[in-house]
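*Asks:* Before we start, here is the structure in question, set down as structure tokens.
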Amino acid sequence: MTYVETNFSLRGQRALVTGANTGIGQAIAVALAAAGARVTCAGRRRCDETVAAIDAAGGHGESLLLDFSDPLAARDVFADADYSILVNNAGIIRRDESLDFTEEDWDAVMDTNLKALFFTCQAFAKARLTAATMPEDRPSHRGSIINIASLLSFQGGIRVPSYTASKHGVAGITKLLANEWAARGLNVNAIAPGYIATNNTEALRADPVRNTAILDRIPAGRWGEASDIAGTAVFLASPAARYIHGAILNVDGGWLAR
Ligand code: NDP
């Protein structure tokens, strides 16, 4: 096998991606499948479009209903399937002045973006750390977790208090879990996407003042596409990333370098 086949292929691996019906999650699911993984596309709605795209490219995908209105919804998902890759991508945002921000908007965002993410990591790790089978090519490797963080894991943002709190939390939890599980064969890392054109940022792109201000600050000079994030997820799940633990990788067109 070539260096690329050995180090960057996900053949033989099984992945679960949350929020895979659209946006960044959809692009990641399609890319993981293209790299050889069998991919479960999980969401609170069926991920038929994503599964169809995976099938059309000759990959293996399936849809799973998983709704994080119960943050522990994934508690039993990993027990009877041999997943080695988990991508925690599902997330929501609520916008309002901090003076007016409601408890409902606080709890909804924290529950989906942070509490559900932590307990999904826990359920995945419980299954992986007791799994009988290990990948032949990586006997000490038990799996990879990739959490989707944000620029607001590092910066304050405006009018998104619960989102900022949750994404700072995602960065912290990613590092904590890496500290606990790195020696046990799990790689835990995060991706911090910059401004990506998805449903999540529709309101920003529709506001000409905010849109221009954002574009002016991005060294790459454009909004990111969901596919710009997907390759980084493939890399972090691949054997090439074996010594990466607790990293928050910025994929932001240079935003944080500015
Ligand atoms: P989308 O709104 O397009 O996707 C969010 C996904 O999360 C959807 O699949 C959504 O399902 C799912 N989701 C939301 N709530 C739940 C729930 N209760 N249970 C299960 N699934 C749920 O936005 P993005 O693709 O942009 O967002 C993906 C991730 O990337 C999020 O974590 C977001 O915070 C993060 N991110 C995005 C950035 C951007 O610029 N776009 C920048 C930085 C981070 P449904 O379609 O049913 O709502």
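The values are calculated or read from the model by the stated rules, or taken from the named source; none is laboratory data. Because the structure is a prediction, the values reported are computed rather than measured. Every residue, glycine as well, gets a Cβ built from its backbone with ideal geometry; the counts of neighbours run over all protein chains shown. Protein only, heavy atoms only, side chains kept; ligands, DNA and RNA dropped before computing areas. Shrake-Rupley method; radii C 1.70, N 1.55, O 1.52, S 1.80 Å.
*Asks:* Give the cross-link partners of Lys126 among the lysines, using a straight C-alpha distance below 23 Å as the criterion and excluding same-chain residues fewer than 8 apart.
*Replies:* Lys115, Lys175
*Asks:* Also, I was wondering about something else. In the range 139-258, with Lys and Arg counted as +1 and Asp and Glu as -1 at Cβ, which of these residues, Phe235, Ser162, Asn189, has the Cα nearest the positive end of the dipole, that is, farthest along it?
*Replies:* Asn189
*Asks:* Output the 0 to 90 degree angle, nearest 10, between the alpha-carbon long axis of helix 208-217 and the longest principal axis computed from the alpha carbons of the chain.
*Replies:* For helix 208-217, the angle is close to 60 degrees.
*Asks:* Among 195-203, 141-149, 208-216, how do they line up from the highest to the lowest mean number of other beta-carbon atoms within 10 Å?
*Replies:* On the way: 195-203: 16.3, 141-149: 25.4, 208-216: 11.7.
Per-residue mean Cβ counts within 10 Å order the peptides as 141-149, 195-203, 208-216.
*Asks:* Rounded to the nearest 10 degrees, what's the angle between the helix 226-237 long axis and the longest principal axis of the chain, both from Cα atoms, 0 to 90?
*Replies:* 40 degrees
*Asks:* Could you give me the percent of Cα pairs per 5 Å distance bin for the chain, shortest bin first, beginning at zero and ending with the bin that holds the maximum distance?
*Replies:* Bin by bin from 0 Å, the calculated values are 1, 6, 13, 18, 20, 17, 12, 7, 3, 1, 0, 0.
*Asks:* If you don't mind, there's one more thing I want to ask. Pull up the cross-link candidates among the aspartates and glutamates for Lys167, meaning alpha carbon to alpha carbon under 16 Å and not fewer than 8 places away within one chain.
*Replies:* Asp105, Asp107, Asp111, Asp252
*Asks:* Take Glu97 and Glu180, extend 7 Å from each Cα along the Cα→Cβ direction, and tell me the distance between the two endpoints in nm.
*Replies:* Result: 4.0 nm between the two label points.
*Asks:* Related question: Let me test this: with uniform point scatterers at the alpha carbons of the range 106-219, what is the Debye-based log₁₀ I(q)/I(0) at q = 0.19 1/Å?
*Replies:* Per q value, in the given order, log10 I(q)/I(0) is -0.99.
*Asks:* Would you mind telling me the share, in percent, of accessible area of the chain contributed by carbon and sulfur at probe 1.4 angstrom?
*Replies:* With neighbouring chains kept in place, the figure for the chain is 52 percent.
*Asks:* Give the calculated FRET efficiency between Glu5 and Arg242 to the nearest 0.05, with a Förster radius of 22 Å applied to their Cβ-Cβ distance.
*Replies:* 0.90
*Asks:* Let me ask another. Taking C-beta distances below 4.7 angstrom as the pairing criterion, name the unpartnered cysteines of the chain, in sequence order.
*Replies:* Those would be Cys121, since no other cysteine Cβ in the chain comes under 4.7 Å of theirs.
*Asks:* So with the 1.4 Å probe, I'd like the accessible area per residue for the chain, rounded to whole Å².
*Replies:* 47 Å²
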